[in-house]
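Everything on this sheet refers to the single structure shown next.
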Amino acid sequence: MPCVASLDAFHRAVDEFVVEDLGLVVEPAALAAARRSLDSCGLLLLGEMHGVRENPLVIRAVMRAFGLTSLALEWPDELAPVVRAFLAGEPLADHPWLWGGDGRITAGHLAVLTERSTAGPLEVILFDGVIGAGWSWSQRDEAMAGRLLAGSPSTARTLAVAGNAHTPTSPTDLGVPLGACLARQRPGIREIQIRYGGGRFWNFKARQFADRAGTQGPVRLYEDSGVLVLDLPIATEAVVPQRPQSPPPPMRTSP
C-alpha cells in the first residue's frame, strides 16, 4: 500500500506504522563532525530521497544520537497549523498540500513526530512555501533557507531534512541549493547524505534504487573523504498520501 488517497486510509497507515530503533552506529569522526556543525551554527542537514519508509526512522535515530528536539522539514509551511493541531492530539485535518505524492510526507513521518512529541519537547519547522512568479530553482532554495533561518536561531540545534538535491553546502549543476545558502549565513554547517544500498521508494509512483555495492551491514553514520554519509542498506516504499484526481493547487506566488 505505497500510496493512499483518503484521509481515513492515511490515518490507519499512521496508526499502523511501527516506530522502531534502526540500531544506528555512529563512528567517532562523524560524531565529532556533526557535533561541531550543531555547536557552531545550530544546524545539521540531512539529505534524503523522498518516499522511503525508513527516512523518518533515520531522522529519529539522528535526533536521538545528538539529543535534538528541533526538526525542520521540507514541507509546505501552510501545513504548520495542521501539524501543530495533530501533535496536540487532534485528528489529522485534511489539507490540499497533504496530497502532493512526492514522498516528502509519509505515514511514518507523522508516526515519528507523534512519538517524539510524546517523548519530550519538539519544535517542528516547515520551510517550503511561497514562491515568486518566474523564480528559478536557486531562488526557491534561497527562500527555503530564509524561512529555515528565521525559524531556527543558532542556539536551537536543529536537524534540517530536505531532498538530497537541496542539501549540498556548495553550488551544484542545478544552481545554488538550500545548503549553500545556509552555509553563507551559518558557516560550519555540515550535510549528512543518506546512501541507499538498494530497494524501492515512492515518488509519484513506485521507483527503484540501483543496487549499490558496499552498503550492506548496519545502518551507519561515518565520514568518507570529508563527507558525512549514512548508509541505509535497503529501502522500502513509504505510504504516501496522493490523490491523482485532485492534485494540490499551484504553490502560491508572492506579488
Worksheet item: Considering only DSSP beta bridges with both partners in the stretch 47-199, what is the antiparallel share in %, to the nearest 5?
Response: 10 percent
Worksheet item: Rolling a 1.4 angstrom probe over the protein heavy atoms, how many square angstrom per residue are accessible across the chain?
Response: 44 Å²
Worksheet entry | Dipole magnitude of the chain, debye to nearest 20 (Cβ charges: Lys/Arg +1, Asp/Glu -1, about Cα centre) | 300 debye
Worksheet item: Picking from GLY23, GLY120, GLY197, which is most flexible by a Gaussian network model of the chain using Cα springs under 10 Å?
Response: GLY120
Fill in: In Hz, Karplus ³J(HN,Hα) per residue of the stretch 8-24 (6.51, -1.76, 1.60; θ = phi - 60°; x = Gly, Pro)
4, 5, 5, 4, 4, 5, 5, 5, 8, 5, 8, 7, 9, 7, 7, x, 4
Response to the item:
Note on the chain, DSSP bridge orientation, antiparallel percent to nearest 5 equals 30 percent
Practice prompt. May I ask you to give the percent of accessible area on the chain that is carbon plus sulfur, with a probe radius of 1.4 Å?
Written response: 53 percent
Practice prompt. Output the antiparallel fraction of DSSP beta bridges having both residues in the stretch 140-245, as a percent to the nearest 5.
Written response: 60 percent
Discussion item. Check which residues have an amide H placed less than 5 Å from LEU126's amide H, if you skip close sequence neighbours.
Written reply: LEU73
Worksheet, complete the sentence: Going residue by residue through the stretch 88-105, the Karplus relation 6.51 cos²θ - 1.76 cosθ + 1.60 with θ = phi - 60° gives ³J(HN,Hα) values, rounded to whole Hz and with x marking Gly or Pro, of 7, x, 7, x, 5, 7, 6, 7, x, 7, 6, 10, x, x, 8, x, 5, 9
Worksheet, complete the sentence: Summing -39500 (n - 2.57) over every DSSP H run of at least 4 in the chain, dividing by its residue total and rounding to the nearest 500, the 222 nm mean residue ellipticity is -9500 deg cm²/dmol
Response to the item:
Given [x] 46, 45, 37; [y] 59, 38, 34; [z] 64, 42, 32 as possible values of Cα extents along the principal axes in Å, the one from the coordinates is [x]
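The values are calculated or read from the model by the stated rules, or taken from the named source; none is laboratory data. Keep in mind it's a predicted model, so treat the numbers as computed, not measured. Note that each Cβ is placed from the backbone with ideal geometry, even for glycine, and that neighbours are counted across all protein chains shown. Only protein heavy atoms, including side chains, enter the accessible area calculation; ligands, DNA and RNA are left aside. Shrake-Rupley method; radii C 1.70, N 1.55, O 1.52, S 1.80 Å.
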